[in-house]
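Accompanying notes for the structure given below.
The values are calculated or read from the model by the stated rules, or taken from the named source; none is laboratory data. These figures come from a predicted structure and were not determined experimentally. Glycine gets a Cβ as well: all are built from the backbone with ideal geometry, and neighbour counts include every protein chain shown. For the accessible areas, the whole protein counts, side chains as well, though only heavy atoms, and no ligand, DNA or RNA atoms are used. Shrake-Rupley method; radii C 1.70, N 1.55, O 1.52, S 1.80 Å.
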Amino acid sequence: MATVSDITVTPTSGLIHIDALLDTGPDWNYLTPAGNTILYTFSVASGNEAGQSGQTAFSASQQANTRTAFATLAALTGITFTETASGAAADVHLAAVNITGNNVSGLCSWNSSYGYTGTTLNSYDAQAYVYLDNAEFAVENANLTPGGGGYQTLLHELGHMIGLKHPFEGSPNLAPGDDNTSNTLLSYTSQGGPYSNFSPYDIAALKWLYGGDGLGGALGINSTGGGRYLAGTSFADTMSGSSGNDRFEGDGGDDALNGGNGTDTAVFRGNYASYTVTDLGGGSVRVTGADGMDTLTSIEMLKFDDQTVQSGQVVTPPAGDTTAPAAPTLALTKNANGYVTGDKPVVTGTAEANATVKVYSGANLVATTTAGANGTYSVATSSLADGINLSLTARATDAANNVSVPSAALLFSVDTVAPVAPTASVVVSASGAALFNGTGEAGSTIRLTNASAIIAEGTVASDGNWSLGGSTLSNGNYDVSVSSLDKAGNNTTATKHLLFAVGSAATVTGTAGDDSLLSTPGNNVIDGGSGTDSVSYTGARGNYNVVRDSSGFVVTARSGADGTDLLRNVESIKFGDSTLKLEYDDVVQALYVAYFGRAADSGGLAAFQSQLGGLKAPQTFPGVTAAYATDTGVHSLIDSFGSSTESAALYPGATSAFVTAVFQNIFGRAPAAPGLSFWTNAIDNGGLSRANASLSIMAGALENTSTQGVLDAKLVNNKIIIASDFTLAIDNPTEVSGYVGINAAATVRSMLASVTASTDIAAFQAIIASTIASLPGLGAQSAAAMMQIDSVQPGADPLDTPIALVGVQHGGLIDAVM
């Protein structure tokens, strides 16, 4: 019988990488009545935590990705996690809420109750509550796709729910050098990632707690026979078992494993033929292979991927095991049109416990994994080719090498190619009715936007033609961009805009010199021409919306007689209370995006615009990159990024971490190993400054004409435009003071990290507005069981691209691996 001390004293393994993560609860292993099921719910109608208010339900996509996370947790622990619509019946409750504290993206709280007689435990119940912030981290947490920052936050909080703590809290603790997310997602110190699965120390702790075979199984805490599951690290570990039937995993390094009493098993990751087993006598053997050279004492069974053998001798699988396992099941997440996100979908399903599951696309093997002790599995495929109604099947192979029949085919579609650029024309009647026509990819959605507002949407017909509008538009100047969105969510915007006016509009044209132009009441098209030109408005800055378009800027009055003006070839706007500089805007934003991963703040933008102007630097990004090599002033200004306080705070560690961060800022992915090595060596040994490296990588992204390069350039341009729109939208003192400090910078960094090559810039304006609204009046930080993660998006490995290192003397292009 279990005793009260079983739930009041945390059972430790003697291994620091496990014990540093063991929390005081919840003690799910002691739930009564006994069973192997934990119920979870997305309902906020009942069963909510006492004292907590404001809960909102997860969106459909958040719920779908949370189910994927539970499938991952089930495969690791062997526990059956079952969804229920009843909040009153659930053990685990998930919801979105505005969490107190400006840097808190997630929170888990739990409580438990138990009954006892003397020292005997009679009953135990626990409730856990997992919250994701829907205010400061609304953008990041809205997207829980595996591999993103929101999903890593979810895994962190589910780790608390299942019984893990932060490695720096309580006692014992991980050493500072080990306390990072590459070892445990419960850490606050980011290294690599974002991750789509728990890290090695987390997995080891979960195996210790639950044994991989669930609640009340043969292994783990409160197991039926007292057996334990001990998993090591990639270093040399010494592990000792209990009197029960224990399981060991060395997991790298030269380990010493002592099973003690019972019938114990050591697990190795490879086929038997890949290892050498040497009998050392006295009940000890040495196993040498990919896992290292391990010394085993009092361990009776050796489990390899293809068979299990008795210690010190080879045996074949049990005679008579000729029964093939049942065909696996498999599932994946698709949008309403049947498309998966990206080309590496995550497949989940069930198969015979501990069987090897192989997933095929046609005859091609695209994924391999092992089902957990409870028969569940989750695995991402390799890159799949674009196609309609593709299919995946799976086979299971058991320990005796019996292979199942294929599973039922799982149908889906992959499309990573954006639609062809649409064409468009417009006819405006005397009454102001506008009729838009054009061509596009059949079946795609055409979206018309003006000054970042959507004015019409429709579908391209099967013959490739489309027609929209016919309704009367309000008087004003129009600069309409035309975008095509396909069924997979990819987006392409036409390079040619539709410029027209409804009602009366004035045209103001400058000269070849430096002009000061005055906006007149109503709608204007203002073209400064050559020279350094300004446009003046009588109202205060806060009375106007200013957004960027591909040809210049659009200024719209919020009230008063001024209307909507299209500005072309204008370098500054003078309002009644301030001046907004426009020249060098895209150059400075590109530098901020590359080096800091965020939009420029108003003060930083103005300062760099002034200094670049004073240096008479080129006004394009390619021009500035070229000037870095020859102009000492530009050289010094760019290098100032690397000597800033923000740089020191963001990049205190190794050069490789800096290079990885810059790739994440620009491409939303980590560099491939050759690229990481190239740029790290160029900085450490080749005289390349960190600021110069970020400039070079950004220049390469904008100039690369390969297939991947075109997608990268589109992503980078989207980030620069959105960064510009963000800074332009900060138009009053409160907002200016709100975008100050590391917390505000992290919020904007997370916003930009969500931008992709297919992001609809017009639709994104709402996210810009909500992000700005979250900046002023930031509160104090919250306490335990919370964390903040800067969101980053994973992607395909970048291509090897010839890039000239900016400002470094060389003959021709240097083969710089991107």
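As a summary of the residue check, H156 satisfies the conditions (1) in contact with a strand residue (DSSP E or B) (Cβ under 7 Å, 6 or more places away or on another chain); (2) outside any strand (DSSP E or B); (3) closer than 30 Å to T263 by Cβ except for the one numbered (3). Here is a check on your reading of the model: is G159 under 20 Å from A231 (Cα atoms), touching a Phe, Trp or Tyr at 6+ places or on another chain (Cβ under 6 Å) and open to solvent by less than 10 Å² (accessible area, probe 1.4 Å)? For G159, the condition - under 20 Å from A231 (Cα atoms), touching a Phe, Trp or Tyr at 6+ places or on another chain (Cβ under 6 Å) and open to solvent by less than 10 Å² (accessible area, probe 1.4 Å) - is not met. Among the numbered conditions (1) at pLDDT 90 or above; (2) surrounded by fewer than 21 Cβ atoms within 10 Å (Cβ to Cβ); (3) under 16 Å from Y272 (Cβ atoms), the only one that Y360 does not meet is (3).
Checked against (1) open to solvent by 30 Å² or more (accessible area, probe 1.4 Å); (2) among the hydrophobic types (A, V, I, L, M, F, W, C); (3) in contact with a Gly (Cβ under 7 Å, 6 or more places away or on another chain), A399 passes all but condition (3). Would you point out the residue of segment 715-744, among those that are open to solvent by 10 Å² or more (accessible area, probe 1.4 Å) and under 19 Å from the mean Cα position of the chain (by Cα), that is farthest from E583 (Cα to Cα)? The residue in question is N743.
Identify, from the list S481, S474, the residue that is assigned to a loop (DSSP other than H, G, I, E, B), of a type outside the set (D, E, K, R), closer than 26 Å to R558 by Cβ and not assigned by the TED database to the domain that holds A762.
On the way: S481 fails: assigned to a loop (DSSP other than H, G, I, E, B).
Of S481, S474, the one residue that is assigned to a loop (DSSP other than H, G, I, E, B), of a type outside the set (D, E, K, R), closer than 26 Å to R558 by Cβ and not assigned by the TED database to the domain that holds A762 is S474.
Could you say whether any residue in segment 229-238 is buried (at least 16 other Cβ atoms within 10 Å of the Cβ) and over 26 Å from P200 (Cα atoms)? No, every residue in segment 229-238 fails to be buried (at least 16 other Cβ atoms within 10 Å of the Cβ) and over 26 Å from P200 (Cα atoms).
So, restricting to strands (runs of 3 or more DSSP E) that lie completely within segment 526-589, which ones have at least 2 residues that are among the polar types (S, T, N, Q)?
Details: elements: 534-536, 544-549, 552-557, 562-568, 572-574, 579-581.
Passing ranges, in order: 534-536.
Against the numbered list (1) in contact with a helix residue (DSSP H, G or I) (Cβ under 8 Å, 6 or more places away or on another chain); (2) buried (at least 18 other Cβ atoms within 10 Å of the Cβ); (3) closer than 20 Å to I768 by Cα, Q609 comes up short only at (3).
Right, T445: modelled with pLDDT of 80 or more, touching a helix residue (DSSP H, G or I) at 6+ places or on another chain (Cβ under 9 Å), open to solvent by 30 Å² or more (accessible area, probe 1.4 Å) and closer than 30 Å to A331 by Cβ or not? Please lay out each step first, then the result.
On the way: modelled with pLDDT of 80 or more: yes; touching a helix residue (DSSP H, G or I) at 6+ places or on another chain (Cβ under 9 Å): no; open to solvent by 30 Å² or more (accessible area, probe 1.4 Å): yes; closer than 30 Å to A331 by Cβ: yes.
Spelling it out, it is not the case that T445 is modelled with pLDDT of 80 or more, touching a helix residue (DSSP H, G or I) at 6+ places or on another chain (Cβ under 9 Å), open to solvent by 30 Å² or more (accessible area, probe 1.4 Å) and closer than 30 Å to A331 by Cβ.
Counting the residues of segment 73-98 that are open to solvent by less than 10 Å² (accessible area, probe 1.4 Å) and among the β-branched types (V, I, T) gives 4.
Name the residue that is nearest to A424 (Cα to Cα), counting only residues in segment 475-500 that are of a type in the set (A, V, I, L, M, F, W, C) and under 26 Å from the mean Cα position of the chain (by Cα).
Within segment 475-500, the subset of a type in the set (A, V, I, L, M, F, W, C) is 480, 482, 485, 488, 494, 498-500.
Okay, now just the ones that are also under 26 Å from the mean Cα position of the chain (by Cα), so 485, 488.
On the way: L485: 15, A488: 22 Å.
This residue is L485.
Is there a residue in segment 151-163 that is closer than 23 Å to N665 by Cα, in contact (Cβ under 8 Å) with a residue 12 or more places away in the chain and either among the polar types (S, T, N, Q) or not assigned by the TED database to the domain that holds P33 (or both)? Scanning segment 151-163 turns up at least one residue that is closer than 23 Å to N665 by Cα, in contact (Cβ under 8 Å) with a residue 12 or more places away in the chain and either among the polar types (S, T, N, Q) or not assigned by the TED database to the domain that holds P33 (or both). Among the residues examined, A380 qualifies as farther than 30 Å from G476 by Cα and within 28 Å of the chain's Cα centre (by Cα).
Among the residues of segment 290-337, those identified as part of a loop (DSSP other than H, G, I, E, B), modelled with pLDDT under 90, small (G, A, S) and under 34 Å from the mean Cα position of the chain (by Cα) are A290, A336. Pull up segment 15-34, narrow it to residues that are open to solvent by less than 30 Å² (accessible area, probe 1.4 Å) and over 22 Å from T80 (Cβ atoms), then point me to the one that is nearest to the chain's Cα centre (by Cα). Of everything passing the filter in segment 15-34, L21 is nearest to the chain's Cα centre (by Cα).
Return the only residue of L209, L186, L257, L174 being in contact with a Pro (Cβ under 9 Å, 6 or more places away or on another chain) and farther than 21 Å from T72 by Cα. It would help to see each step written out before you state the result.
Working: L209 fails: farther than 21 Å from T72 by Cα; L186 fails: farther than 21 Å from T72 by Cα; L257 fails: in contact with a Pro (Cβ under 9 Å, 6 or more places away or on another chain).
After ruling out the rest, the residue left standing is L174.
Screening T8, T68, T37, T12 for residues that are under 25 Å from A204 (Cβ atoms), among the polar types (S, T, N, Q) and within 24 Å of the chain's Cα centre (by Cα) leaves exactly one candidate, T68.
With the structure loaded, tell me whether A512 is under 43 Å from the mean Cα position of the chain (by Cα), at pLDDT 80 or above, aliphatic (A, V, I, L, M) and in a loop (DSSP other than H, G, I, E, B) or whether it fails that test. Against the criterion (under 43 Å from the mean Cα position of the chain (by Cα), at pLDDT 80 or above, aliphatic (A, V, I, L, M) and in a loop (DSSP other than H, G, I, E, B)), A512 does not qualify. Identify, please: which residue in segment 745-758 is polar (S, T, N, Q) and within 15 Å of the chain's Cα centre (by Cα) and is, among those, most open to solvent (accessible area, probe 1.4 Å)? Here the answer is T756.
Residue-by-condition table, conditions (1) over 23 Å from I720 (Cβ atoms); (2) of a type in the set (D, E, K, R); (3) touching a residue at least 12 places away in the same chain (Cβ under 8 Å):
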position	(1), (2), (3)
G510	yes, no, yes
T520	yes, no, yes
N545	no, no, yes
R568	no, yes, yes
S578	yes, no, yes
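With the requirement that a residue be more than 14 Å from D684 (Cβ to Cβ) and either surrounded by 18 or more Cβ atoms within 10 Å (Cβ to Cβ) or not assigned by the TED database to the domain that holds Y595 (or both), what does segment 648-659 give you? Talk me through it step by step, then tell me what you get.
Step one: of segment 648-659, the residues more than 14 Å from D684 (Cβ to Cβ) are 648-650, 652.
Within segment 648-659, L650 is the sole residue that qualifies.
Looking at A762, is it modelled with pLDDT of 85 or more and among the aliphatic types (A, V, I, L, M)? Give the steps one after another, and end with the answer.
On the way: modelled with pLDDT of 85 or more: no; among the aliphatic types (A, V, I, L, M): yes.
In short, no.
Taking the stated definitions as given, is L121 at pLDDT 95 or above and out of contact with any Cys (no Cβ under 9 Å at 6 or more places or on another chain)?
When the stated conditions are applied, L121 does not pass them.
Is it the case, given these coordinates, that G211 is more than 21 Å from the chain's Cα centre (by Cα) and either farther than 20 Å from D255 by Cβ or surrounded by fewer than 18 Cβ atoms within 10 Å (Cβ to Cβ) (or both)? Criteria not met by G211. Scanning segment 464-487 for residues that are at pLDDT 90 or above and either on the phi > 0 side of the Ramachandran plot or open to solvent by 40 Å² or more (accessible area, probe 1.4 Å) (or both) yields G464, N465, S467. Restricting segment 616-636 to residues that are in contact with a Gly (Cβ under 7 Å, 6 or more places away or on another chain) and closer than 21 Å to V593 by Cβ leaves a set whose member that is least open to solvent (accessible area, probe 1.4 Å) is Y628.
Residue check: is D562 of a type in the set (D, E, K, R), under 21 Å from L473 (Cβ atoms) and not assigned by the TED database to the domain that holds A729?
yes
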